């Protein structure tokens, strides 16, 4: 997640946005979560501990979190009115899945090549999968352990 955060940090600062890595809670459909990476371009609300208006959320999938991140958590995040993208970053393969808001529906996008460029829409910037996966040792599947 550090690679992802480092890749988006300059653009976030330039746009007046903030990024948080596991440090700030958000509330999605009444449930509190600590996203692996969260971006907001909205003015901070009254709480130092909760961000209510993220525009981008990313979760790193691991064998013990992937089912929840891909189902119930995803469903709750996609109900957030300010969220523009929800990204799932796989840890066992080079693969990023993105749910991206398109007016009244969500578009599903999938990236699997290191040269693929993912647009962070609220920053209007692109990052590559190579930036996200730089120096990452892919985690084996649980059945390979």
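Quick look at the values:
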| read-out | value |
| --- | --- |
| Residue within region 74-95 that is buried (at least 18 other Cβ atoms within 10 Å of the Cβ), touching a strand residue (DSSP E or B) at 6+ places or on another chain (Cβ under 6 Å), in a loop (DSSP other than H, G, I, E, B) and without any contact (Cβ under 8 Å) to a residue 40 or more places away in the chain present | yes |
| Criterion (part of a helix (DSSP H, G or I) and either surrounded by fewer than 20 Cβ atoms within 10 Å (Cβ to Cβ) or modelled with pLDDT of 95 or more (or both)) met by exactly one of 35, 10, 54 | 10 |
| Qualifying residue in region 60-67 (condition: touching a strand residue (DSSP E or B) at 6+ places or on another chain (Cβ under 7 Å) and in a strand (DSSP E or B)) | yes |
| All positions within region 109-140 that are more than 23 Å from residue 41 (Cβ to Cβ) and without any contact (Cβ under 8 Å) to a residue 12 or more places away in the chain | 137 |
| Which listed residue, of 47, 66, is surrounded by 12 or more Cβ atoms within 10 Å (Cβ to Cβ) and at negative phi | 66 |
| All positions within region 118-141 that are closer than 26 Å to residue 76 by Cα and surrounded by 12 or more Cβ atoms within 10 Å (Cβ to Cβ) | 118, 119, 120, 121, 122, 123, 125, 126, 127, 129, 132 |
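The values are calculated or read from the model by the stated rules, or taken from the named source; none is laboratory data. Note that the structure is a prediction, hence the values are computed from the model and not measured. Quick reminder, even Gly has a Cβ in these numbers, built from the backbone with ideal geometry, and neighbours come from all protein chains shown.
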